[in-house]
Amino acid sequence: MKGAVYLISIDELALWKDVDCIIAMKEFSRRGTLDWDSGCALAIAAKEKGLSVSFEWDALMEEPRFRDLTLKLKNFPAVFDAIRVRDAGAAWWARENLTCDIHLLLEAGHHNQMAIESWKQRLGTRLTRIALSPELPLPVIRQWRQQLGLPLEVMALGPLLLFHSPRPLLSSLASAPEGNEWKATGASEESPHKGFPLQENAHGTLMFHPKDLGLLERWSDMQTAGIDFARIDHRLQTSVATLVANFISRPGDETREALKQAWNTDWMRGYWDVNKSDVLFNKLKNQHLGHDERICGEVLEGKRESWLAIRVRGPGLTRGADLRVINPKGEERSLKLSWLKDDAFNSVESLSEGQVGFIPWSSGAPSRSKLHLT
């Protein structure tokens with residue numbers, strides 16, 4: 001199994017040995033950092049060192065942008081061994097207009113073998129690698145490797161993309177970007193989960209899981225399963241390139257732990273051992289979040305040992321009322337309204353429907369918990 005890494009700067013080039021290198025340019029890649037000239041120069045330097053270099057084109061493309069990008073690629077640099085494409089139009093354009101290998105990025109879908117077989121038929125021998133979805137469990141990947149007869153790539157370490165929209169969803173909320181990008185963190189309205197990194201650039205808005213996907217502990221399992229390329233994306237990290245190179249050249253507990261300690265985001269295994277996607281449907285249909293005529297309020301936020309901020313629903317609330325607090329997991333707690341305050345934190349005797357106010361704090365009552373009159 002071979003490592004695949006993103007080339008970021010000429011300073012890091014000396015670290016990489018016997019790895020596949022990926023060049024991600026701003027115009028063509030959703031998270032690219034290189035301009036055209038510096039990307040081509042870096043690719044030439046990598047080729048001179050004897051490394052395999054691929055060009056990443058994974059941006060979502062509406063028609064005007066697609067036409068502009070294909071015009072620029074008419075003189076595709078021969079230094080690149082392959083082009084990495086995600087969009088179906090980009091894949092077909094590469095087949096018809098370029099002569100290099102095609103690496104198909106199927107990380108956003110293609111959870112059945114027939115879908116991948118259809119790409120094999122269309123792209124033929126030009127298709128030399130497939131990057132699989134991180135939601136596929138190991139047994140499926142092992143089976144597909146035997147039956148597809150194509151080199152497979154998986155992300156072994158890096159940010160786990162949850163959502164991508166071509167729309168600018170952050171710039172309207174912020175006055176100035178950080179560099180050329182807007183950045184923020186998001187929280188779920190249906191669960192206590194929060195800390196989702198958000199990023200907006202010229203390609204739209206991206207949302208990532210709070211933890212990075214980290215499968216380095218299963219390196220030997222990946223090799224046994226027949227995975228050909230394990231990708232490590234360290235572009236959002238600082239000063240870890242040497243540790244990444246050390247692990248790829250000497251995979252083991254010591255080099256892995258050194259890298260994990262220096263990585264500024266916690267790791268998770270994702271769906272590697274089992275696909276738990278079906279569990280999410282129960283959460284999406286969570287009856288504890290649905291409408292109930294007995295509901296008299298909803299928790300907006302809380303301050304430990306102090307208060308719960310609520311929005312009143314239904315008949316309203318009065319001081320002294322007895323409530324049941326039901327959180328999104330269905331756990332219940334009893335609560336007596338020994339005091340009641342309005343949105344200015346003034347004591348009141350009652351709150352009517354639609355008002356925002358404060359009640360005594362209760363443990364296990366995150367946002368979206370429901371208040372029921374007893």
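The values are calculated or read from the model by the stated rules, or taken from the named source; none is laboratory data. Note that the structure is a prediction, hence the values are computed from the model and not measured. Don't worry about glycine lacking a Cβ; one is built from the backbone with ideal geometry, like all the others, and counts go over all protein chains shown.
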* Structure fact -> Selection from region 164-183 of residues out of contact with any Leu (no Cβ under 7 Å at 6 or more places or on another chain), within 18 Å of Phe28 (Cα to Cα) and either modelled with pLDDT of 75 or more or not in a loop (DSSP other than H, G, I, E, B) (or both) yields Ser165, Arg167, Pro168, Glu181
* Could you count how many residues in region 348-374 are in a loop (DSSP other than H, G, I, E, B) and crowded, with 20+ Cβ neighbours inside 10 Å? -> 3
* If you take just the strands (runs of 3 or more DSSP E) that sit entirely in region 8-92, which of them hold at least 3 residues that are of a type in the set (A, V, I, L, M)? -> 20-24, 82-85
* Within region 57-67, identify whether any single residue is of a type in the set (Asp, Glu), surrounded by 12 or more Cβ atoms within 10 Å (Cβ to Cβ) and modelled with pLDDT of 95 or more, and answer yes or no. => no
* Structure fact -> Per the filter on region 236-286, residues at pLDDT 80 or above, surrounded by fewer than 16 Cβ atoms within 10 Å (Cβ to Cβ) and over 15 Å from Gly214 (Cα atoms) are Thr238, Ser239, Thr242, Ser249, Arg250, Glu254
* Going by the conditions given, is Ser188 surrounded by fewer than 17 Cβ atoms within 10 Å (Cβ to Cβ), farther than 27 Å from Glu27 by Cα and either in contact with a Lys or Arg (Cβ under 7 Å, 6 or more places away or on another chain) or free of Cβ contacts under 8 Å to residues at least 24 places away in the same chain (or both)? -> yes
* **Failed criterion for Asn201 (all others in (1) touching a residue at least 60 places away in the same chain (Cβ under 8 Å); (2) surrounded by fewer than 17 Cβ atoms within 10 Å (Cβ to Cβ); (3) among the polar types (S, T, N, Q) hold)** => (2)
